[in-house]
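A.B. asks: Sharing a structure, written as C-alpha cells. Questions coming.
The values are calculated or read from the model by the stated rules, or taken from the named source; none is laboratory data. Quick caveat, the model's predicted, so the values are computed rather than measured. Cβ sites come from the backbone with ideal geometry, for glycine too, and all protein chains shown count toward neighbours.
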Amino acid sequence: MPTTPAATFDEVQVAVADVEGWMTPGQARRLWTCARTVSAGGTIVEIGSFRGRSMIVLASAAGPGVELVAIDPHAGNDRGPQEFEGFQDQAATDLGVFRANLSAAGVADRVRHIRKFSGEALGDVASDIDLLYIDGAHRFGPALDDIRRWSAKIGPGGDLLIHDCFSSIGVTGALAMSLFFGSEFRYLGRSESMTHYRREPLGPGQRVRNAARQAAQLPWFARNVVIKALILAKLGRLTRAFGHDPATWPH
Ligand SMILES: C[S@@+](CC[C@H](N)C(=O)[O-])C[C@H]1O[C@@H](n2cnc3c(N)ncnc32)[C@H](O)[C@@H]1O
C-alpha cells in the first residue's frame, strides 16, 4: 500500500481498489477532476466519509495548501443502502477502518475529520467552500437540510457534487425541493448517480432550462426505482433487462 498520496488518477484507482464503498470509477474521475481545480488556500468538504473511499480520491487530487474536511459522525445511522438505524457496532469499525485507510493512502495528515452530524458541524467550517461533496444521510429530511444549509457555504463558481441522485428517493425528492427550480446552482451533468452543480446566478430563462435538464433525468430515476424494487423483491435477475448487474445496488 502507498505511503505517499497517489499522484495520478490511475494510481488512486489502485489505492481505493480494496476500500469498501459505492463510488464508481466514473464518479471517482469526477471527484478527482473537480478537486484538481481547487487552488491553494481553498477548501474541500465531504459530508459522509464512511471508510474513506471518496475522501482518498479528493485528498490525493487536491494540491498543496488545500484544506480537506471530512464530516461523519460514524454513529451507526444511514451507513449504506437499507442501513438506516442501529449499526453502531459496524460504525465503530468503520471509524477505525476509515483512519487506517487514509493512513495507508498517505493522506491522513491532510484530512481534518469532524466527527459530528453535518447539521451540527456548520460552525466548524468557514465559508467559502470551493468543493462540497454530499454523501451523508440519504433520507429526504437530512438530505434536504444538507443541500440547503451546506450549499449556502459554497463560494461563487464553487462546485457541488451529490451522490445517489436520481437513484435514492429521499435524495431525489430533496433535489426537487431545492436545486431543481433554484436560482443559484447550474446543473452541469452527472456520472451515474453523482450530480454536479456549479454556483452561478441564473436568470429566469436559465432557471427554466436548468429545471428541464434535471427533469430529463427522471426516466433514469424511474428505472433505478424499479431495479431497487426488483432486488428487494428477490427478483434481481430481472434487472438484467435494464442492463443492470443484479449483484449491485444502482449508484
Ligand atoms: C454512503 S456512506 C458514504 C460513502 C463515502 N462517501 C464513500 O465514498 O466511501 C454514508 C456515510 O454517511 C454518514 N452519515 C450519516 N448521517 C450523516 C450526517 N448527518 N452527517 C454526516 N455524515 C453522515 C454515515 O456514517 C456513513 O458513513
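A.B. asks: Being touching a helix residue (DSSP H, G or I) at 6+ places or on another chain (Cβ under 6 Å) and within 14 Å of the ligand (Cβ to nearest atom) is the filter here; which residues of region 103-121 pass it? I'd like the intermediate steps shown before the answer.
C.D. replies: Applying the first criterion (touching a helix residue (DSSP H, G or I) at 6+ places or on another chain (Cβ under 6 Å)) to region 103-121 yields 105, 107-108, 110-111, 114, 118-119.
Those that are touching a helix residue (DSSP H, G or I) at 6+ places or on another chain (Cβ under 6 Å) and within 14 Å of the ligand (Cβ to nearest atom): 105, 107, 111, 114, 118, 119.
A.B. asks: Might you check whether a residue that is in contact with a strand residue (DSSP E or B) (Cβ under 7 Å, 6 or more places away or on another chain), touching a residue at least 40 places away in the same chain (Cβ under 8 Å), buried (at least 23 other Cβ atoms within 10 Å of the Cβ) and closer than 30 Å to residue 205 by Cα occurs anywhere in region 110-128?
C.D. replies: Scanning region 110-128, I find no residue that is in contact with a strand residue (DSSP E or B) (Cβ under 7 Å, 6 or more places away or on another chain), touching a residue at least 40 places away in the same chain (Cβ under 8 Å), buried (at least 23 other Cβ atoms within 10 Å of the Cβ) and closer than 30 Å to residue 205 by Cα, so the answer is no.
A.B. asks: Right, here's the next one. Tell me the residue from 8, 24, 4 that is more than 8 Å from the ligand (Cβ to nearest atom), hydroxyl-bearing (Ser, Thr, Tyr) and under 18 Å from the mean Cα position of the chain (by Cα), please. Please lay out each step first, then the result.
C.D. replies: Numbers: 8 fails: under 18 Å from the mean Cα position of the chain (by Cα); 4 fails: under 18 Å from the mean Cα position of the chain (by Cα).
Of 8, 24, 4, the one residue that is more than 8 Å from the ligand (Cβ to nearest atom), hydroxyl-bearing (Ser, Thr, Tyr) and under 18 Å from the mean Cα position of the chain (by Cα) is 24.
A.B. asks: Filter region 172-200 for residues that are in contact (Cβ under 8 Å) with a residue 12 or more places away in the chain and assigned to a strand (DSSP E or B) and give the result. Let's see the steps before the verdict.
C.D. replies: Of region 172-200, the ones in contact (Cβ under 8 Å) with a residue 12 or more places away in the chain are 172-175, 177-187, 190-200.
The answer is 185, 186, 187, 190, 191, 194, 195, 196, 197, 198, 199.
A.B. asks: For the structure I just gave you, tell me whether residue 96 is assigned to a helix (DSSP H, G or I), away from the ligand (no atom under 11 Å from the Cβ), at pLDDT 95 or above and over 24 Å from residue 24 (Cβ atoms). Steps first, please.
C.D. replies: Values: assigned to a helix (DSSP H, G or I): yes; away from the ligand (no atom under 11 Å from the Cβ): yes; at pLDDT 95 or above: yes; over 24 Å from residue 24 (Cβ atoms): yes.
So residue 96 passes the test.
A.B. asks: Could you check, for region 55-64, whether at least one of its residues is more than 9 Å from the ligand (Cβ to nearest atom) and exposed (fewer than 15 other Cβ atoms within 10 Å of the Cβ)?
C.D. replies: Within region 55-64 (the criterion being more than 9 Å from the ligand (Cβ to nearest atom) and exposed (fewer than 15 other Cβ atoms within 10 Å of the Cβ)), the answer is yes, since at least one residue qualifies.
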